[in-house]
Each structure stands twice: as C-alpha cells, then as structure tokens.
Amino acid sequence: MFERIKRDDLKAYEAVFRQYYQQLYRFAYNYLRDQVPSEEMAQEVFLYIWEKRGQIEIKTTLKTYLYSAIKNKCLNYIKYELPRKNELEESHLAMMMVNQPEREEDSERMRRHIDAAVNELPTKCRHIFMLSRNAGLTYEEIAEELELSVKTVENQMSIALKKLRESLKPLYDYYQNN
C-alpha cells in the first residue's frame, strides 16, 4: 500500500488514514491521556507520511512504521512539550493568583476561593500540587517521595492546573473587569 502512496496515490493514502487513524489516536491517548495532543500526534504522523512519501523508506510493515512513528512523537511530546505546557499553565495560574485585589476584604475572598479550588482537587492531585507549591519540591523529588514515575507527577500536575484554572477563571475574570 505504501508503494502506491509513494506514487502520489491519494486514494491509497486515504485508505491507510481511514484504516489506522483511530488506532493511532487511541495508542497516543494511552500515552498522553489528553485528547487534543493525541489527535494532533496522529494527524502529524499522517501529514508527515504524505509530505515525505517520496523520501521515506519503510523496512518493516506500514503498520509497524506508523506505530513506531506515533510512539516517538508521544515520547518527544512528553519529554519536550509537556513540561513547557505545564510551565505555561503554571505561569497563567500564577498571574491569576498574583493579580491581587486592592481591598483586604477582596483579598480574603480570593484566598478562600483559591483554597476551596485546591481542596476540590482529587486527593492524589491535591497532594502532588501541595508538595510542588507549598513544599517547593521538584517533580523528580515528588516522584521519588511518593514512589511514582515523573510522568505520573507531570500528568497529575497538569490535571491539577487545568482544574484550578477552570475553577478560578470566573474569579480571575471578575477581578480583571472590576
């Protein structure tokens, strides 16, 4: 089938896409546990296949090549993109928290909202978040202390930051507009 794709056969490419896209998406999702980047990884593999079709030499089966490609994309995402994404989320959350209201009463109300949002986190997320924020531990130190993988800590922090951002957005919007 790939030989047909190499000869610019769009129908062969579409057939491979239809046959493997969902499988590759699910494979990526098992690694990333996040829908959007999983979809992006699967799409990028197929885009690469089409754009580089004349240069790619497949020495295994097409299926093996596709799974290898998606696995490598996921590992690179975890290694390079996920930490950067978490840093951006942390910066955004910090900006939300730092934009202090002028009155003491508003400051106390904000503190209560933040505490409530943190307390609403799932137990594991909250514990990891508190170790990172309150104890100042790195992801590696948290992983070691809790006997978890660094990836698990990164995923839990990503979940915590996403939930906090969602919970605190109305508060942030309120203080931005008043």
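A few comments on the model shown:
- The spacing between the stretch 119-154 and the stretch 1-62, judged by their C-alpha centroids, is 35 Å.
- Remark: the stretch 4-20, residue by residue, has Karplus-estimated 3J(HN,Hα) of 5, 4, 4, 8, 6, 7, 5, 5, 5, 4, 4, 5, 5, 4, 4, 6, 10 Hz, where x stands for each Gly or Pro and the curve is 6.51 cos²θ - 1.76 cosθ + 1.60 at θ = phi - 60°.
- Maximal additional length on extending the residue 17-residue 59 stretch stands at 13.2 nm, based on 0.36 nm per residue less the C-alpha distance.
- Karplus (6.51, -1.76, 1.60) ³J(HN,Hα), θ = phi - 60°, over the stretch 136-147, in Hz, Gly and Pro reported as x: x, 7, 6, 4, 5, 5, 5, 4, 5, 5, 9, 6
- Filter on 71/124; 6/63; 63/151; 79/169; 73/124; 71/163 - keep pairs with C-alpha separation over 24 Å: 71/124; 63/151; 79/169; 73/124; 71/163
- Compared with the alpha-carbon gap, the fully stretched path from residue 115 to residue 138 is longer by 6.1 nm at 0.36 nm per residue.
Coordinate-derived values only; no laboratory data. These numbers were taken from a predicted model, which means no experiment stands behind them.
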